Amino acid sequence: FKWFRDACEIDEETFRSRVYMAAVCRCFPGKKPTGKGGDRVPNATEIETCSQWLRAEFDLLEPELVIPVGKLAIAQFMTYRSMDAHIGQLFHCTYSGHAFDVIPLPHPSSASPWPRVEPGKTLLHKALGLIVAHPAMQGICG
């Protein structure tokens, strides 16, 4: 939420009330087997099982802009290559029969330094600029 506050002067409460947030996996996948490092990444079966929810949300909302956050979310809409290949760009995608724009963001987890070092810092700034300028965000930011 800090990224959006800095990019377009929107606080978390306002962001949450104006922007719909979805998830790739609706159920908590559990902790990593080692018990260290937080939650484990959902497996392909868990993601597929939950995909019915995401498809239903697209059918209902017909979004103009999707902002996937992190590798797992980005991979739902395009073949994931690398953060450098996706962050800071606008893509045109189709999902569940709906066409929309996609502007990916890195995951803000402290586990990855990518958004805090170059080229991540510059690409993150570019991506946020694209989001703020997108017609779907007019009337939401600043």
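The values are calculated or read from the model by the stated rules, or taken from the named source; none is laboratory data. Please read all numbers here as calculations on a predicted model, not as lab measurements. Cβ placement follows ideal geometry from the backbone for every residue including glycine, while neighbour counts extend to all protein chains displayed. Accessible surface areas use protein heavy atoms only, side chains included; no ligands, DNA or RNA. Shrake-Rupley method; radii C 1.70, N 1.55, O 1.52, S 1.80 Å.
In table form, for the structure just shown:
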read-out	value
Along principal axes, Cα extents of region 1-87, largest first, whole Å	39, 33, 28
Cβ-placed point charges (K, R +1; D, E -1), dipole of region 27-142 about Cα centre in debye, nearest 20	620 debye
Pairwise centroid distance, computed over Cα atoms, of region 110-133 with region 6-66, Å	19 Å
With every protein chain in place, the chain: carbon and sulfur % of accessible area (1.4 Å)	55 percent
Where trypsin sites (Lys or Arg not before Pro) fall in DSSP loop in region 1-72, at most 11 other Cβ within 10 Å	Lys36
Stretch in the chain that is longest and holds no GluC sites (Glu not before Pro) that DSSP places in a loop and that have at most 15 other beta carbons within 10 Å	65-142
Pairs of lysines in the chain (C-alpha under 25 Å apart; 8 or more residues apart or interchain)	8
Potential lengthening between Ala44 and Arg116 on full extension [0.36 nm per residue; Cα-Cα distance subtracted]	23.0 nm
Share antiparallel - DSSP beta bridges, region 38-142, percent rounded to 5	60 percent
